[in-house]
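Engineer: First, the structure itself, so that you have it in front of you.
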Amino acid sequence: MTGKLTFFGHESFVCKQFWLKKGYDFLKKQKIFNTDAAVVELGVGKNMVNAIRFWLKSFGLLNDSDNINDLAKFLFGEKGSDPFIEDFGTVWLLHYYLIKTNKASIYNMIFNEFRKERLEFTRNQLHNFIKRKCEEYDFNYNENTVNSDIKIFFKSFLT
């Protein structure tokens, strides 16, 4: 794995099905996530606003300056190819970018490294793996943060 590790940012929320489109539409109107108006406009709490922004970046739909990129326009634009993420191909494409961007490092670690060791695992085995990798990368490991990411990972794939 290259680059820095990133854990948390999701505010303990899995990515809801319509959040990516909702976030895209919000930004398309020249809105800014870091305002009180974002809570009202998006119709969610402040932590969810932060989570929507996090997931948009994690799925490779925004750059670090919160600018919408071509992938986001392709999927969610006026003539978007799959604005409501109904096609399995879109799900796989987003999954690819989730791993590629490494903005939510747990996904990259699991699908590119951990699965080489095992296909079936417990939370504890995953936790130990991540702890070991953090030490390997000389990354400041925080047990609560990693546990939160593991919880969100399992919620994302097992519900």
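The values are calculated or read from the model by the stated rules, or taken from the named source; none is laboratory data. Just so it is clear, the structure is predicted and the values come from calculations on it, not from any experiment. Positions of Cβ are backbone-derived with ideal geometry, glycine not excepted, and every protein chain shown enters the neighbour counts.
Engineer: Quick check on my filter: what residues within the stretch 55-66 are without any contact (Cβ under 8 Å) to a residue 40 or more places away in the chain and outside any helix (DSSP H, G or I)?
Structural biologist: L62, N63, D64, S65, D66
Engineer: If you check F139, F153, which single one turns out to be touching a Leu at 6+ places or on another chain (Cβ under 9 Å), at pLDDT 95 or above and closer than 24 Å to G60 by Cβ?
Structural biologist: Checking each option against the conditions leaves just F153.
Engineer: Oh, and also: Taking the stretch 145-159, which residues are β-branched (V, I, T) and either loosely packed, with under 13 Cβ neighbours inside 10 Å or in contact with a strand residue (DSSP E or B) (Cβ under 8 Å, 6 or more places away or on another chain) (or both)? Spell out how you get there, then give the answer.
Structural biologist: To start, the set of residues in the stretch 145-159 that are β-branched (V, I, T) comprises 145-146, 150, 152, 159.
T159 - this is the single residue of the stretch 145-159 that is β-branched (V, I, T) and either loosely packed, with under 13 Cβ neighbours inside 10 Å or in contact with a strand residue (DSSP E or B) (Cβ under 8 Å, 6 or more places away or on another chain) (or both).
Engineer: Let me ask something additional. Among the residues of the stretch 90-105, are any touching a residue at least 60 places away in the same chain (Cβ under 8 Å) and small (G, A, S)?
Structural biologist: Yes, some residue in the stretch 90-105 is touching a residue at least 60 places away in the same chain (Cβ under 8 Å) and small (G, A, S).
Engineer: Just checking, does the stretch 83-96 include any residue being under 26 Å from R132 (Cβ atoms) and not basic (K, R)? Outline the logic, then answer.
Structural biologist: So in the stretch 83-96, the residues under 26 Å from R132 (Cβ atoms) come out as 95-96.
With not basic (K, R) added as a condition, the list becomes 95-96.
Within the stretch 83-96 (the criterion being under 26 Å from R132 (Cβ atoms) and not basic (K, R)), the answer is yes, since at least one residue qualifies.
Engineer: Would you confirm whether any residue within the stretch 72-88 is over 19 Å from K22 (Cα atoms), in the same structural domain as K29 (by TED's automatic domain parsing) and over 13 Å from the mean Cα position of the chain (by Cα)?
Structural biologist: yes
Engineer: Please give the number of the condition K73 fails out of (1) under 30 Å from E135 (Cα atoms); (2) assigned to a helix (DSSP H, G or I); (3) among the charged types (D, E, K, R).
Structural biologist: Result: K73 passes all but (1).
Engineer: Which numbered condition in (1) surrounded by 12 or more Cβ atoms within 10 Å (Cβ to Cβ); (2) at pLDDT 95 or above is the only one that N67 fails?
Structural biologist: Unmet condition: (1).
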